[in-house]
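Have a look at the structure below, then the notes.
The values are calculated or read from the model by the stated rules, or taken from the named source; none is laboratory data. Not measured: the values here are computed from a predicted model. Virtual Cβ from ideal backbone geometry, glycine too; neighbours counted across all protein chains shown. Please note that ligands, DNA and RNA were not included when accessible areas were found on the heavy atoms of the full protein model with its side chains. Shrake-Rupley method; radii C 1.70, N 1.55, O 1.52, S 1.80 Å.
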Amino acid sequence: MRPADCNLERMFILRNEFIDKMRKDLPGSYPELPIDLRTKDSQQLCRDLALRGVEEMFEALQHLKNWKPHRQTEFNEGPDREEFLEEIVDALNYFFSLIITAGFDEDDLIAAYIKKHDIIMKRIEEGY
């Protein structure tokens, strides 16, 4: 296994530990896994997890101050890199929870990622 695969596997292990602890310490925080993606409750949970991840990404973006193309002056101080990264990690945690809750694992994610990468590369080659 490549080191990157080990790191991704570790991230899934850590997030599963979190979900297990939440289920134990806060009953009702997570349902029995994997969820049935056909049910209304499951789809609402997926939507909630995804939106929480998006919200965390927006919090990361709030650290960026020089993005407005019409702004004439620039902020000399860059964003706090650690805080910026922490918000991105928060977002990833919600997205990992979404993936795990829906019944996928690191192998599923890697396979889907590679498949989509290949599609994108083909589109670029063909002038998509």
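A few remarks follow.
- Within the range 12-26, if we keep just the residues that are among the aliphatic types (A, V, I, L, M) and closer than 15 Å to Phe95 by Cβ, the residue that is surrounded by the fewest Cβ atoms within 10 Å (Cβ to Cβ) turns out to be Leu14.
- Counting only helices (runs of 4 or more DSSP H) that fall entirely inside the range 27-128 and contain at least 1 residues that are without any contact (Cβ under 8 Å) to a residue 12 or more places away in the chain, open to solvent by 70 Å² or more (accessible area, probe 1.4 Å) and aromatic (Phe, Trp, Tyr), the qualifying elements are 40-61, 106-125.
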